[in-house]
1. Distance cut-off 24 Å, Cα to Cα: go down the list LYS143/LYS514; LYS313/LYS347; LYS313/LYS343; LYS211/LYS347; LYS178/LYS294 and report the pairs above it.
2. Hey, any idea what the orientation-averaged projected area of the convex hull of the range 45-190's Cα atoms comes to, in nm²?
3. When the dipole is taken about the Cα centre of the range 135-209, and only Lys, Arg (+1) and Asp, Glu (-1) are charged at their Cβ, what size is it in debye, to the nearest 20?
4. What distance in nm lies between label points placed 7 Å from Cα along the C-beta direction at SER142 and LYS313?
5. How far apart, in nm, are two points set 7 Å out from the Cα along the Cα-to-Cβ line at THR520 and at ASP320?
6. May I ask you to compute the full-extension gain from MET332 to THR291, defined as 0.36 nm times their residue separation minus their alpha-carbon distance, rounded to one decimal in nm?
7. Quick check for me: using +1 on Lys/Arg Cβ and -1 on Asp/Glu Cβ, what's the dipole size of the range 307-370 about its Cα centre, in debye to the nearest 20?
8. Can you tell me which lysines have their Cα less than 22 Å from the Cα of LYS94? Leave out same-chain residues fewer than eight positions away.
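The values are calculated or read from the model by the stated rules, or taken from the named source; none is laboratory data. What you see is a predicted model, and the numbers here were worked out from it, not measured in a lab. Every residue, glycine as well, gets a Cβ built from its backbone with ideal geometry; the counts of neighbours run over all protein chains shown. Heavy atoms of the whole protein, side chains included, go into the accessibility calculation; ligands, DNA and RNA do not. Shrake-Rupley method; radii C 1.70, N 1.55, O 1.52, S 1.80 Å.
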Amino acid sequence: MMLSLACTTSIALSVACLAAPRPIAIVPKPVHVKPTKGQFTLTADTVIVATADAEDVGRFLAQSLAPATGFTLDVKPDAPATARTIALTIRSAKAFEVFGNEGYALDVTPTGVKITAHEPAGLFYGVQTLRQLLPPEIFGESKVTGVEWSIPCVEIEDHPRFSWRGAMLDCARHFMPKEFVKRTIDLLALHKMNVFHWHLTDDQGWRIEIKKYPKLTETGAWRKETLRGHATEDGKGDTFDGMRHGGFYTQDDIREIVAYARDRFVTIVPEIEMPGHAQAAVASYPELGNTGAKLDVWTSWGVSENIYSTDEKTILFLQDVLGEVIGLFPSMFIHVGGDEAVKTQWKKSAAAQARMKELGLKSEDELQSWFIRRMNTFLESRGRFLIGWDEILEGGLAPGAAVMSWRGEQGGITAARAGHDVVMAPTSHTYFDYYQSKDTSREPLAIGGFLPLDVVYGYEPIPATLTADEATHVLGAQCQLWTEYVPDPKQAEYMLFPRACALAEVVWSPRESKSFADFTERLATHLRRLDALHVNHRPLKP
Ligand code: ACM
């Protein structure tokens with residue numbers, strides 16, 4: 001075994017290095033890991049060998065190794081027989097049966113590293129594992145000296161348990177800068193997560209440029225101030241910060257972010273909320289609402305009663321918006337919200353009541369169902385699928401639509417039994433806006449709740465009551481970071497990590513191999529990686 005420079009500087013350290021090879025601590029845990037003897041050492045002469053279909057992933061690997069090592073590794077279609085190589089190979093013949101779309105095999109021997117997959121996504125996940133086999137300092141954002149870039153010899157075979165491995169970020173309640181959105185996508189990819197659900201519109205802000213309706217961002221992207229702390233019961237004691245808040249993503253920003261995500265095998269699912277959580281849009285165009293009143297973009301938290309009207313003009317407006325959204329986002333699923341639409345205004349509105357009568361509908365829930373079906377028909381006509389929060393089940397749901405189950409698991413169970421695809425997102429296990437400790441005095445102000453790491457880790461996305469057939473409709477699960485009480489990227493990272501590491505293992509690793517004790521042991525090493533990346537994670541033992 002070659003001693004690293006760091007290890008030769010003190011006897012104690014070198015003994016430690018000889019006695020205990022660096023433990024393999026991959027998060028999320030791979031399906032099969034078989035350590036073998038020896039190590040491969042990455043040097044400036046290592047060559048990344050990638051065939052044409054693997055070249056992009058090869059370049060990603062070279063770029064990710066460059067900052068900490070200072071090496072600019074060549075990516076070539078072949079290399080001299082003497083060179084030490086990292087070989088990335090797409091194998092098509094019969095390989096799908098072995099790897100699926102996202103699986104890979106990784107073999108490290110003293111003379112080379114081989115990653116094999118059926119698809120580039122699988123190679124990419126193999127590369128993520130390879131990064132985690134290197135010393136944690138490899139995640140450093142500038143050159144690190146005194147570290148030997150060794151990789152323990154190992155044979156790994158790996159593939160994900162679920163196809164939807166997601167995280168939702170609310171950029172409406174607090175605008176998050178473009179660079180942070182990209183960093184979040186990077187961090188998701190590092191954990192082999194593949195869906196970024198982007199909550200772009202809400203009562204308190206509209207964040208996506210829509211060319212046909214410029215006031216959505218001229219007006220709707222800005223609120224004059226923000227509630228301080230929690231709202232008081234009757235609202236009379238509420239105080240505000242007096243500071244204008246806002247921002248939005250231009251369509252160029254969005255194209256840039258979508259391309260960035262695509263390069264990391266992350267699909268962005270955009271969410272345009274309707275018919276509720278619409279006050280920022282109604283403030284921009286009062287004719288979209290039920291009362292015609294001139295409103296402000298909301299400065300408080302909660303659920304506004306200012307929802308969209310059911311007029312044909314409003315439906316067409318939203319279809320125009322979705323048309324532009326489809327042009328920007330290649331995602332098969334487009335999220336239309338559907339949650340928490342209080343119906344008080346529809347109950348009082350002569351136009352909404354006339355609409356119900358004209359359509360022969362018996363309740364406002366059925367009216368919402370009709371509203372969502374109009375969007376479903378539109379999306380399907382453009383070759384896309386609708387997804388929404390579980391309220392979209394109320395009053396009936398179009399056959400191809402998918403459901404995100406947030407009010408517990410029942411919505412997901414009902415939807416799966418009815419043949420709808422489902423993403424599990426229950427408050428009990430996936431709401432990362434909840435406190436991470438019972439001692440809230442030592443935590444940043446949060447919305448409430450209590451969701452510690454072990455509860456996230458213990459989550460099982462397939463409800464026990466589903467049959468095996470019904471369970472095939474559960475695509476996976478995702479965490480949600482609502483940002484009423486998360487004003488900036490630093491706090492967002494604190495709320496996301498390490499809970500997102502636990503969720504990554506829930507959706508990637510085999511159910512039978514899960515162990516919280518083993519996870520926390522690996523997490524200790526993994527947090528050193530996040531430290532190297534300057535992620536503001538919550539410490540394991542604060
Ligand atoms: C939600 O938390 N209203 C989906």
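1. As for pairs spanning more than 24 Å Cα to Cα, those are LYS143/LYS514; LYS211/LYS347; LYS178/LYS294.
2. Working: hull surface 41.0 nm².
With every direction weighted equally, the projected area is 10.3 nm².
3. 200
4. Here the answer is 5.7 nm between the modelled labels.
5. Label at THR520, label at ASP320, 5.6 nm between them.
6. Taking 0.36 nm per residue and subtracting the Cα distance, the gain is 11.3 nm.
7. 300
8. LYS114
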